[in-house]
2 protein chains.
Amino acid sequence: MTDSSGLSRRGLLGLVGTGVGAGVLGLGLGVGADRAVTAHAGGSSGASASYPFFGRHQSGIVTAAQDRLHFAAFDVADGVSRNELIELLQDWSYAASRLTAGLDVSPTGATGGSLAAPPDDTGEARGLPAAGLTVTIGVGPTLFTTADGTDRFGLASRRPPALIELPHFSGDQLIEAASGGDLCIQACSDDPQVAVHAIRNLSRIAFGRASLRWSQLGFGRTSSTTRGQTTLRNLFGFKDGTANVKAEDTAAVDEGVWAAAGDGAGWMAGGSYLVARKIRMTIETWDHASLGEQQTVIGRDKAEGAPLSGGTEFTEPDFTVAATDGGGPAIAPDSHVALAHPRNNDGATLLRRGYNFVDGNDELGRLNAGLFFLCFNRDARRQFVPIQQALARSDRMSEYVKHVGSAIFAIPPGASEGGWVGETLFA
Amino acid sequence: MTDSSGLSRRGLLGLVGTGVGAGVLGLGLGVGADRAVTAHAGGSSGASASYPFFGRHQSGIVTAAQDRLHFAAFDVADGVSRNELIELLQDWSYAASRLTAGLDVSPTGATGGSLAAPPDDTGEARGLPAAGLTVTIGVGPTLFTTADGTDRFGLASRRPPALIELPHFSGDQLIEAASGGDLCIQACSDDPQVAVHAIRNLSRIAFGRASLRWSQLGFGRTSSTTRGQTTLRNLFGFKDGTANVKAEDTAAVDEGVWAAAGDGAGWMAGGSYLVARKIRMTIETWDHASLGEQQTVIGRDKAEGAPLSGGTEFTEPDFTVAATDGGGPAIAPDSHVALAHPRNNDGATLLRRGYNFVDGNDELGRLNAGLFFLCFNRDARRQFVPIQQALARSDRMSEYVKHVGSAIFAIPPGASEGGWVGETLFA
């Protein structure tokens, strides 16, 4: 397969065609060493943050949520071997380690190669800083076992019990082409051009080995993942993610985000499970709903995001407080806040990391907009699934949303310096 | 028609249903007076710039190009009267004057109204600053005369000679649904959520009177419009807009951007003409082209953006310099730089204001990406059209691009304080 990939054919990443063992030697070479990152003086996104690619956990999970997203799901091409899949993950890891440092995908990069050959890097991020880029790589259920039971890469026995196929949820209107995937890459950055550059070049590196199945751009983070971040608003106009698990809540993160060695797949220790849901909002219907109805649906007030039981944004909702009009509880039992609250879900929490999206408009002139929901959890069977089942069953919000895309991925632990994401899976 | 519009029915903008004369009284009320703009501490786009909506020219033309775009083209609904069209333009102007100041569309806004009524504003920009938002309003050829000659709003005699129907260009593969439009709004901001909020709320205000025909999000400005801005890169990976007309070049701006009273439509004096072209790049083909071929196509080097005749980015191209290999001129006559250069177009220039776009991927896994080209010119018959004809005829770049959307709009002069965009058209 590598013959059909421009990058691989020329072995530019120092990995492909040299076999697995030799390939690993190429990792990390040249990171930070071959050219300085020039400052981005032109745009507004002067974010100079940069996050390491290597580490115990992959970046892009508890990392302070960046403002922009390009997410891509890939299918591995027919005929690709186990070793070629390994090489792809090595190539991606190597390139990602450079991209997250604000570098081109290879030392030769966009402009340093031969005039007679295509450049290694497409070049549109030259002159831009890392802008907080994180590249988070995952593997989907279909990599382990296909629907007809084929063990494509000899991985069937390695499938984590937590990497389930998501069940059908009431009201799901999933588009097959916008769901699933053998592999995924989540690229988050404070500059969309940097995130797009990462996905484009990683897709290019995959050429002939894996191809884009679906992809999604997002532009406004809807969840804070650290205490220092302001809560922003989703396209319903409400603050979103107030009660999110925060990176500083290390006990909650250890309990609810990171997979442990004893969870059923030792190779996933330090990893997590990502659930992606593309939720289209019927915003015209929402926009015609009264302020009172909107607040009842959410269970919070629109101005401040305080629970309708009183207080301020970060006050805990009190489901026992009665409404001032005497007509029942202040927070409706079928409000989003009530149904999603850990108290009503055996303590289950999610680390959410969603983004707003607008994909143009439909033929009726309605904005095709909504929430690209992303969450990380330790075991979707105990966390995402029961919470979503409760919501799908009775959430007052269901009238205003339509789930059109769905996927789950195992997010392996981070790679150690010189290693690659997925190494523990193939060990 | 206004019965079907939530906003208009309640007269929330103080304009609709009160007639033209009375309506104008509502304009500008409360701008900056009703609530403070709170700082946006959460995102990276801390841009605190704000541009006035009122002025001799509309903002968003020579304004320093912001980083993000949401562009929308609208069709006026059947049965809408001339007066209702005027009211729509008044409503838009009033709302835009508030939005560009970082405010909700009305004093009541997202949260200050009755619990029993839908909020005036959808709310997702609450807490965000103006972020350099500009709202630029235009009118298309079909507002003046339809294809069958109907004079829908009594405007046929007011149609500017320069507001032509664009001719077919060689290689055009236009999608009708992504082309044309009776009205347009260009919303530029350094925060995409602010630009999206503007288009969403202006679309909502138009409900029942005009509906979205097509819309486009863009994320990386490809042209500087002031000398202080760094030249950024398009998705070919090349710097774009190096030779763009800059706001500081007042003679060039007066000559090539602003319509004058003697140009054939006195009401357009101080306005301009906007051409929008959605140009999909066949980036996989481009990415397989050699660095030498890419540079030959553009006529500049990829690293610095210098013309192939030598020098640095801002050195004037010299079309007489021979290539070092002796095989002809250093800058190919059919390169993009040569064909688009004013010297080869009777001195014609364009103020470009384009954006990169990625609209997901197609079913073959190719990114649906390219350049959303926007340019302002005084008369497309002497500027955009001949330049584009030269490019379409022989540009080496044609192999790598596909024009899929096209539109032209007259951009009226700016409104004076308390006035509205389009006032001179209907005077």
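Computed from the coordinates by the stated procedures, all read-outs in this text should not be read as laboratory data. Bear in mind the structure is a predicted one, so any value in this text is a computation, not a measurement. Every residue, glycine among them, receives a Cβ derived from its backbone with ideal geometry; neighbour counts consider all protein chains shown.
Remarks
- Rough spin-label spacing in nm, given labels placed 7 Å along Cα→Cβ, for A:R56 and B:R393: 6.8
- The Cα atoms of the protein assembly as shown give a gyration tensor whose axes a ≥ b ≥ c have a/c of 1.5 or more with a/b no greater than b/c, which makes the shape oblate.
- Between 0 and 90°, nearest 10: helix B:82-99 axis offset from chain B longest Cα axis: 80
- Tensor-based shape of chain B (alpha-carbon gyration tensor, a/c under 1.5 rounded, otherwise prolate or oblate): prolate
- Each Lys and Arg adds +1 at its Cβ and each Asp and Glu adds -1 at its Cβ; summed about the Cα centre, segment A:24-229 shows a dipole of about 480 debye.
- Charge sum, other residues only, whose C-beta stays under 12 Å from B:S211's C-beta, Lys/Arg counted +1 and Asp/Glu -1: -2
- Under 5 Å between amide hydrogens, built in the peptide plane, is the criterion, and for B:V245 it picks out B:L350, B:R352 among residues at least 5 positions away or on other chains.
- Full extension of the chain segment joining A:F314 with A:R343 gains 8.8 nm, where the gain is 0.36 nm per residue of separation less the Cα-Cα distance.
- Shielding by partners - mean other protein chain Cβ count within 10 Å, residues of B:215-225: 4
- Listed residues A:V80, A:V105, A:I61: farthest to the positive end of the dipole of segment A:59-121 (Cβ charges): A:I61
- The Cα-based radius of gyration of segment B:63-155, divided by its Kirkwood radius, gives an Rg/Rh of 1.05.
- Mean residue ellipticity (222 nm) of the protein assembly as shown, computed from DSSP H runs ≥ 4 via -39,500 (n - 2.57), nearest 500: -5500 deg cm²/dmol
- Spin-label model, A:R366/A:A251: points 7 Å from Cα along the beta carbon direction are separated by 4.5 nm.
- Environment charge at A:P161 (Cβ cut-off 9 Å; Lys +1, Arg +1, Asp -1, Glu -1): 0
- Taken about its Cα centre, chain B carries a charge dipole of roughly 460 debye when the Cβ of each Lys and Arg holds +1 and the Cβ of each Asp and Glu holds -1.
- Sites B:S114 and A:T285, calculated FRET efficiency, Cβ-Cβ separation with R0 25 Å, nearest 0.05: 0.85
- Max mean-square fluctuation residue, GNM over chain B, Cα-Cα springs under 10 Å, options B:L364, B:L351, B:L133: B:L364
- The HN-Hα couplings worked out from phi for segment B:243-254 by the Karplus form 6.51 cos²θ - 1.76 cosθ + 1.60 (θ = phi - 60°) are 8, 4, 4, 10, 3, 6, 7, 4, 5, 5, 5, 5 Hz, whole numbers, x standing for Gly and Pro.
- Helix axis angle, A:192-205 relative to chain A longest principal axis, alpha carbon, degrees: 50
- Residue order, fewest to most surrounding Cβ atoms within 10 angstrom, among B:S215, B:S59: B:S59, B:S215
- Amide proton proximity set for B:R213, modelled H, under 5 Å, gap of 5+: B:A73, B:F74, B:D75
- Ordered by the count of other Cβ atoms within 10 Å of each Cβ, fewest first, A:R221, A:R82 give A:R82, A:R221.
- For chain B, with +1 on Lys and Arg beta carbons and -1 on Asp and Glu, the positive-most of B:F373, B:A340, B:F319 along the dipole: B:F373
- Members of A:K246/A:K302; A:K278/A:K402; A:K246/A:K278 lying beyond 19 Å, as alpha-carbon distances in this model show: A:K246/A:K302; A:K246/A:K278
- Each Lys or Arg adds one and each Asp or Glu subtracts one; over the other residues with Cβ under 14 Å from the Cβ of B:A338, this totals 0.
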